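Down below is the structure, laid out as structure tokens.
The values are calculated or read from the model by the stated rules, or taken from the named source; none is laboratory data. Every value quoted in this text rests on a predicted model; they were computed, and no experiment measured them. Because the Cβ atoms are built from the backbone with ideal geometry, glycine has one as well, and the counts that use them run over all protein chains shown. We work out accessible area using only protein heavy atoms, side chains counted, and drop any ligands, DNA or RNA first. Shrake-Rupley method; radii C 1.70, N 1.55, O 1.52, S 1.80 Å.
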Amino acid sequence: MRFSFWEITPVALFIIFVAPVAIVLFSLTGDYSENWSHLYQYVLTRYILNTAYLVAGVSILVTVVGVGTAWLVTNYNFTGKNIFEWALILPLAVPPYILAYTFTGLFDTFGTANNLIRDVFDLGREFTFFPKVRNVPGAIVVFSFTLYPYVYLVSRMAFINQSRTMLEAGRTLGLNKFQTFYKLGVPMIRPAIIGGLMLVIMETISDFGAVDHFAISTFTTGVFRTWFGMYDIETAKQLASLLLIFAVILILIERYSRRNASYSNAMSLYKPLSLTKLKGVPNTLAFLICFTPIFIGFLLPVMELFYWALNYKLDFFNDKFITTAWNTFYLALIAAFLCSVLAVIINFSIRYRGNNYLKVMSSFLTVGYAVPGLILAIGVMQMLTYFDHSFVSKFSNFVLTGSIIGLVLAYVIKSYALSSSTIESGYQRINSRVDDVARTLKTSGWALLAQVHLPLLKTSFLTSILLVVSEVIKELPATLILRPFNFDTLAVYTYIYAAEERMYDAAAPSIAIVMVGLIPIIILTRMIRTSRPASRD
Amino acid sequence: MTALEIKDLSHYYVKGKNVLNDVSLELDKGEILSILGPSGCGKTTLLRIIAGLEKETSGSVHMNDQIISDHYHTVLTENRNIGLVVQERALFPHLTIISNVMFGVSGSKTERHSTAMRLLKLFRVDRYAYNYPNEISSGEQQRVAIARAMAPNPKILLMDEPFGTLDQSLTNQLRVETRKILKDNNITAIIVSHDFDDALSMSDKVIVIEDGTVIQSGSAKDITHISREKSVKFSSIKANT
């Protein structure tokens, strides 16, 4: 049996993508050191409990905020509704660790907010208006107000596709507006909400920057401490494996919920929702409900960052910033280009060959997005160390581990899902009969890809690059571990300054990260507008 | 010389559920054959097998007395020298009309250009040569699609429901035009359709397929006669489509 490039590439990629994760999981079968016993006896329960509190609190808050705001902007017409529609996604541009840094800068005892209130009301230094934020409830707020857009986005798409007739049937059966929302509207889109919620939980358990800044012991901070404090990589891997198992369970739930998502969408009976105009108190309430998450998750941190940047560090575009920004952008561009090229090759292979095993392989490649960056970094580091010792050490030490190869590999594995879904949706818009005709016109393989598919996938390819760039720029834990010596990115630059409580110096890189993070939001906003069923009528 | 011969061809996607059963047919150079049948009867699958886009489960396909597909041999689609026209037209949206028609033609740029222009003139769409597909009407798009398929001078032209999405008057006009061009250029063609009128007005031979089996075959006149007499079932399906 002969295999072509289109069949071998997905397999090779699968091995490369799975190897780092397998290395981490394999540690569970090894010996357990004294450090493991220590962790098990004294801190593991705290890691589990803190992570569980975070997950529970964040889940409740993002569901309330995400679903509630999505329902309002989809079903009602109120002041600012057209702006809220897209502005509610803005907090996605702010990584949780940047919101954590700005929250401490704002609400700490001598933070901007407390100082302002003391100045306005002429109060003494002992007076503190806001509660402490460096704790689990503070972290819940931080995660919730940066991650709720995941739930908002899926809920909004599902609500948009909900037919008016179903909701009107509820009204005729005696439900009031609120009952229609929680007895009909929400249950009908439950699979979509669960899908969004799983993404939020994955992000929460993978986070390192915010929980580290708030000094909350979770699995990720525990892995870091075990590795860099106890110098015990094996125990760190074992701890990371537990986190990975949890992530795998979440992936399975997310996939399962997506499988059931179809019942929320009866397109054949579709009638677009008609918006109810709100006036008076309900109008003000709806405005406040939608404005608050944008204020906490986006406006407040951005205002604080600009306040720091402009008042304390006017020369923030210094050499260090420019070097770091350049490092970040070229790394992100390399990773984004690789991700997009690989996504094109894999999706083309599936379409061209039409084998079921390629589809299965491709779906495995996309689960990297759910693997915490920290775990990927440990696996990639171990893999490269092995290659360095086995093959390259004859020439020089740390050839691979000391380079950006590991970093790029981790970024590609983590972000491949973004590229793949973008290219896949691009391919769905190309009629498969185009391929049939092209083949009868003596065009196949690379020629078919280059002459027919690539020109038609131009926009998807560019979108994929932008999405990956904005994702990679925010990535922190993997970058911290895998970066070469004396090589900083904007996220690392921000982390180091924030860790040293030099918030003003952290402002410039943070602003840059947020600005780049706005790119996918603009793309998402356009996609939502064009995908709205009502717009096709 | 026989342009196309199909011998005892059967095909299934799920074992035990044949899409085609022992189909055999012969087509001489310059002849036009219509394959008629209701939706899902297997006629498009037969066309895809001739084009090499599907591999038959058993049987063989011969072109110009050479095997192009059987249990042991498979000539790839791109090497079969076949033209394909589909209902959706499938014009390349990123290319101009002239570039679409030049796409499969080999030779120097000047030669390719003059071939494409000649065909566009033949189909009376040369004035749109430098427009994009979305800038012309669906009837014009269909003319371009046929011109594109004919441009590489294929041994056989396959047309899958070529006029399926067009209105009746345009369909009538295109049937006449297309048959004339095919006959003038001595092109062997197979037209898949569920429409009796396509078969009557365009083809020399007709086969009728139902549930993957050839139930009638003969000249267009014979089939009209037999169908009027016997084929009540297919007519009723046709009336519903």
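For the stretch B:124-151, the tally of residues that are buried (at least 22 other Cβ atoms within 10 Å of the Cβ) and touching a residue at least 40 places away in the same chain (Cβ under 8 Å) stands at 10. Residues in the stretch B:46-74 that are of a type in the set (D, E, K, R), farther than 15 Å from B:THR188 by Cβ and more than 8 Å from chain A (Cβ to nearest Cβ): B:GLU54, B:LYS55, B:GLU56, B:ASP70. Give the residues of the stretch B:163-203 that are in contact with an Asp or Glu (Cβ under 7 Å, 6 or more places away or on another chain) and among the hydroxyl-bearing types (Ser, Thr, Tyr), sorted by residue number. B:THR188, B:SER193 - these are the residues of the stretch B:163-203 that are in contact with an Asp or Glu (Cβ under 7 Å, 6 or more places away or on another chain) and among the hydroxyl-bearing types (Ser, Thr, Tyr). Of note, B:ASN100 does not satisfy the criterion of being out of contact with any Leu (no Cβ under 9 Å at 6 or more places or on another chain) and at pLDDT 90 or above.
Considering the stretch A:435-444, and only residues there that are hydroxyl-bearing (Ser, Thr, Tyr) and open to solvent by less than 20 Å² (accessible area, probe 1.4 Å), the residue that is nearest to the other protein chains (Cβ to nearest Cβ) turns out to be A:THR440.
Restricting the stretch A:15-40 to residues that are hydrophobic (A, V, I, L, M, F, W, C) and free of Cβ contacts under 8 Å to residues at least 40 places away in the same chain, the residue that is farthest from A:TYR231 (Cα to Cα) is A:ILE15. If you go through the stretch A:464-519 and keep only what is hydrophobic (A, V, I, L, M, F, W, C), open to solvent by 30 Å² or more (accessible area, probe 1.4 Å) and within 13 Å of A:TYR97 (Cα to Cα), you end up with A:ILE496, A:ALA499. Among the numbered conditions (1) more than 14 Å from chain B (Cβ to nearest Cβ); (2) of a type in the set (A, V, I, L, M); (3) assigned to a helix (DSSP H, G or I), the only one that A:LEU400 does not meet is (3). If you go through the stretch B:68-104 and pick out every residue that is closer than 17 Å to B:LEU53 by Cα and among the aromatic types (Phe, Trp, Tyr), you end up with 1. Which pairs do you get when a residue that is closer than 21 Å to B:MET1 by Cβ, found in the stretch B:26-39, comes within reach of a residue that is open to solvent by 70 Å² or more (accessible area, probe 1.4 Å), reach meaning Cβ atoms under 8 angstrom, with the pair 6+ apart or on two chains? The qualifying pairs are B:ASP28/B:MET1; B:LYS29/B:MET1; B:LYS29/B:ASN186; B:GLY30/B:LYS183; B:GLY30/B:ASN186; B:ILE32/B:LYS183. Selection within the stretch A:449-493: residues that are modelled with pLDDT under 90 and among the polar types (S, T, N, Q). The member of this set that is nearest to A:THR324 (Cα to Cα) is A:ASN486. So for the stretch B:133-153 (the condition being over 23 Å from the mean Cα position of the chain (by Cα) and away from chain A (no Cβ under 14 Å)), does at least one residue qualify? So far as the stretch B:133-153 goes, yes, one or more of its residues are over 23 Å from the mean Cα position of the chain (by Cα) and away from chain A (no Cβ under 14 Å). Taken over the stretch A:170-206, the criterion of being over 26 Å from A:LEU92 (Cβ atoms) and outside any helix (DSSP H, G or I) is satisfied by A:LEU173, A:GLY174, A:LEU175, A:ASN176. If you go through the stretch A:235-274 and pick out every residue that is more than 30 Å from A:ALA377 (Cα to Cα) and at pLDDT 80 or above, you end up with 0. From the list A:VAL62, A:VAL58, which one is of a type outside the set (D, E, K, R), within 25 Å of A:ILE519 (Cα to Cα), within 26 Å of the chain's Cα centre (by Cα) and crowded, with 20+ Cβ neighbours inside 10 Å? Only one candidate passes the filter, namely A:VAL62. Taken across the stretch B:2-13, residues that are within 14 Å of chain A (Cβ to nearest Cβ), at pLDDT below 90 and more than 17 Å from the chain's Cα centre (by Cα) do occur, with at least one present. Among the residues examined, A:LEU288 qualifies as open to solvent by 70 Å² or more (accessible area, probe 1.4 Å) and either over 26 Å from the mean Cα position of the chain (by Cα) or modelled with pLDDT of 95 or more (or both).
Just for the stretch A:343-369: of the residues that are surrounded by 15 or more Cβ atoms within 10 Å (Cβ to Cβ) and of a type in the set (Gly, Ala, Ser), which one is farthest from the chain's Cα centre (by Cα)? So, considering only residues that are surrounded by 15 or more Cβ atoms within 10 Å (Cβ to Cβ) and of a type in the set (Gly, Ala, Ser), the one farthest from the chain's Cα centre (by Cα) is A:SER349.
Against the criterion of being surrounded by fewer than 21 Cβ atoms within 10 Å (Cβ to Cβ) and outside any loop (DSSP other than H, G, I, E, B), A:VAL211 does not qualify.
Every condition in (1) within 30 Å of A:VAL11 (Cα to Cα); (2) buried (at least 20 other Cβ atoms within 10 Å of the Cβ) holds for A:ILE334 except the one numbered (2). Within the stretch A:145-169, residues that are assigned to a loop (DSSP other than H, G, I, E, B) have Cβ atoms under 6 Å from residues that are modelled with pLDDT under 90 in these pairs: A:SER163/A:ALA266; A:SER163/A:LEU269; A:SER163/A:TYR270; A:SER163/A:LYS271, counting only partners at least 6 apart in sequence or on another chain.
Being within 14 Å of another protein chain (Cβ to nearest Cβ) and of a type in the set (Lys, Arg) narrows it down to one residue among A:LYS474, A:LYS458; which is it?
When all the criteria are applied, what remains is A:LYS458.
All but one of (1) touching a residue at least 24 places away in the same chain (Cβ under 8 Å); (2) open to solvent by less than 60 Å² (accessible area, probe 1.4 Å) hold for A:ARG134; state the number of the condition that does not hold. The failed condition is (2). Contact annotation: residue pairs with Cβ atoms under 6 Å, 6 or more positions apart or on different chains, pairing a residue in the stretch A:70-81 that is closer than 11 Å to A:TYR152 by Cα with a partner that is open to solvent by 30 Å² or more (accessible area, probe 1.4 Å), are A:TRP71/A:PHE181.
Taken over the stretch A:93-131, residues that are in a helix (DSSP H, G or I) and touching a residue at least 40 places away in the same chain (Cβ under 8 Å) amount to 13. Whether a residue is in contact with a Leu (Cβ under 8 Å, 6 or more places away or on another chain) and open to solvent by 10 Å² or more (accessible area, probe 1.4 Å) was assessed, and B:ASP28 does not pass this test.
The C-beta contact set for the stretch A:494-507 (first residue farther than 13 Å from A:ASP212 by Cβ and in contact (Cβ under 8 Å) with a residue 12 or more places away in the chain, second residue open to solvent by 40 Å² or more (accessible area, probe 1.4 Å) and outside any helix (DSSP H, G or I), distance under 7 angstrom, 6+ apart or interchain) comprises A:TYR504/A:LYS313; A:ASP505/A:LYS313; A:ALA507/A:LYS313. Across the stretch B:75-129, the qualifying residues are those that are in a helix (DSSP H, G or I) and under 18 Å from B:LEU158 (Cβ atoms), and the one among them that is farthest from the other protein chains (Cβ to nearest Cβ) is B:LEU119.
Just one residue in the set A:SER432, A:SER425, A:SER421 is free of Cβ contacts under 8 Å to residues at least 40 places away in the same chain and either open to solvent by 10 Å² or more (accessible area, probe 1.4 Å) or within 14 Å of chain B (Cβ to nearest Cβ) (or both); that residue is A:SER425.
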